[in-house]
Amino acid sequence: MQLTGVLHMHSTHSYDGKMSLPELKAFLLERGISFACMSEHTDYLDAAAAAAFVEECRELSDESFVFVPGFEVPYKQAHVLHFGCAEFVSSFADEAQLRAWREKAAWVVLAHPVRNHFKVDDLLLQCIDGVEIWNQQYEGKWLPRVRSAQLLERLRQKKELLATGGLDLHRREHFGAPFTYLETSSLSESAIIEALQDGTYHFGTDVLEIEATADWRPTWAERLQSGLAILVINSGKLVNKILASLGLSLPKSLKQLVRSRV
């Protein structure tokens, strides 16, 4: 069974998510998506709220669609995605708590390494199974970030790690590539997690697909395209910040148009 899914997703269980889990399920099913690996922010969660989120994921999963519960946990300057995790440890992680989160999760990925300036200490390296080299909110819909791919290649000299791509979706406008494709025996949380753990998946678009175990070594044209996309995204964030300080904002239709193309 070939499945198309999405990683690094947020719902209203995250403080900044705009879609409920039922809304997200309907939205993704309409677009041919069979599973979503969630990664709710832990910043404002507690054990009770986390348990309610996991329970809702399980209740909404069926023969047509599966939610894999998970959490995005801040550790120092990094954010770490804990997929296949049903228990809450802490809102933020110190070294001991990061180890505890690792024990609770089935599959652990370093999110958007640009956020922590591509720094990976020994404990973080020990705790992760993969690196998100392509985050749509930081790199756009078309290509990974070159420096993130280079980081993964360096870390692989010390440990076997998988490459991943995530949407980091918080609202409808964030939908798009990279998608994750895998072969499983069934549409179930356990089968999805097993394929991710084994690295028997690839991710990307119709134009570019990257194997989980492969290195992405971009051409000069791809380097240029990736750099331009990142420049547009960063410029947009800067403009939004300046306008917000003035009590202004860009028209929503213009922002949606830009995000649909980058």
### Message
Going by Cα centres, segment 202-238 and segment 1-42 are how many Å apart?
### Response
23 Å
### Query
Counting Lys and Arg as +1 and Asp and Glu as -1, what is the net charge of the other residues whose Cβ lies under 11 Å from the Cβ of Val66?
-1
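Thinking of segment 85-212 as a set of Cα atoms, what percent of all their pairs are more than 24 Å apart? Present the calculation step by step, with values, prior to reporting the outcome.
Numbers: 2459 of 8128 pairs.
Every Cα pair in segment 85-212 considered, those over 24 Å come to 30 percent.
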### Query
Tally Lys/Arg at +1 and Asp/Glu at -1 over every other residue whose Cβ is under 12 Å from the Cβ of Gln97; what's the total?
+1
### Message
Output needed: percent of Cα pairs per 10 Å distance bin for segment 93-156, bins running from 0 to the one holding the longest distance.
### Response
21, 50, 26, 3
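How much area per residue is accessible in segment 1-125 when the probe is 1.4 Å and only protein heavy atoms are counted (Å²)? Spell out each step's value before the answer.
Values: 4900 Å² over 125 residues.
Value for segment 1-125: 39 Å² per residue.
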### Query
Over the chain, what is the mean sequence separation of C-alpha contacts under 8 Å (at least six apart), divided by residue count, expressed as relative contact order in percent?
18 percent
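What Kirkwood radius, in Å to one decimal, follows from the Cα pairs of the chain? All intermediate terms of the calculation are to be shown ahead of the outcome.
On the way: mean 1/r = 0.0538 Å⁻¹.
Kirkwood hydrodynamic radius for the chain: 18.6 Å.
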### Query
How many nm separate the modelled label positions at Gln137 and Ser253, each set 7 Å beyond the Cα in the direction of the Cβ?
2.7 nm
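Hey, what's the Kirkwood Rh for segment 23-134 if you take every pair of different alpha carbons, in angstrom?
On the way: mean 1/r = 0.0689 Å⁻¹.
Every distinct Cα pair counted, the radius reaches 14.5 Å.
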### Task
Would you mind working out the magnitude of the charge dipole of the chain relative to its Cα centre, with +1 at each Lys and Arg C-beta and -1 at each Asp and Glu C-beta, to the nearest 20 Debye?
1400 debye
### Task
Compare the Cα positions of Val109, Ser91, Phe71 along the charge dipole of segment 61-164 (+1 at Cβ of Lys, Arg; -1 at Cβ of Asp, Glu; about the Cα centre) and return the one farthest towards the positive end.
Val109
### Query
Given Cα pairs under 8 Å that are at least 6 residues apart, what percent is the relative contact order of segment 36-178?
18 percent
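Using 0.36 nm per residue, how much length does the chain from Arg171 to Ser186 gain when fully extended, once their Cα-Cα distance is taken away? Working shown, then result.
Numbers: separation 15, 0.36 × 15 = 5.40 nm, distance 2.85 nm.
So the chain would gain 2.5 nm between Arg171 and Ser186.
Only helical DSSP H runs with n ≥ 4 go in: add -39500 (n - 2.57) per run for the chain, normalise by residue count and round the 222 nm mean residue ellipticity to 500 deg cm²/dmol. Write out the running numbers ahead of the final one.
Numbers: 9 runs with 99 residues, N = 262.
Only helices count here, giving -11500 deg cm²/dmol.
Using a probe radius of 1.4 Å on heavy atoms only, what accessible surface per residue do you get for segment 163-213? Whole Å² is fine. The partial results should precede the final answer.
Values: 2010 Å² over 51 residues.
Averaged over the residues of segment 163-213, the accessible area is 39 Å².
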### Query
Within segment 1-27, whose backbone N sits under 20 Å from a point 7 Å along Cα→Cβ of Tyr44?
9-24
### Task
Starting from the Cα gyration tensor of segment 31-90, take the square roots of the eigenvalues, sort them a ≥ b ≥ c, and report rounded, prolate or oblate (rounded when a/c is under 1.5, otherwise prolate if a/b is larger than b/c, else oblate).
oblate
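If packing is taken as the mean number of other Cβ atoms within 10 Å per residue, what is the order of 123-130, 242-249, 53-60, highest first? Display every interim value, and only then the final one.
Numbers: 123-130: 19.2, 242-249: 9.4, 53-60: 17.0.
With the highest mean Cβ count within 10 Å placed first, the list reads 123-130, 53-60, 242-249.
Ordered by packing density, taken as the mean number of other Cβ atoms within 10 Å over each peptide's residues, highest first, how do 209-217, 135-143 rank?
Working: 209-217: 15.8, 135-143: 22.3.
Most protected by this proxy first, the peptides run 135-143, 209-217.
So, with a 1.4 angstrom probe, what is the percent of accessible area on the chain that is carbon and sulfur? Show your work: numbers first, answer last.
Values: 6380 of 12060 Å².
Reported share for carbon and sulfur atoms: 53 percent.
The values are calculated or read from the model by the stated rules, or taken from the named source; none is laboratory data. Please read all numbers here as calculations on a predicted model, not as lab measurements. Cβ coordinates were reconstructed from backbone atoms using ideal geometry, including for glycine residues, and neighbour counts include every protein chain displayed. Quick note on the areas: whole protein, heavy atoms, side chains included, nothing else; ligands and nucleic acids left out. Shrake-Rupley method; radii C 1.70, N 1.55, O 1.52, S 1.80 Å.
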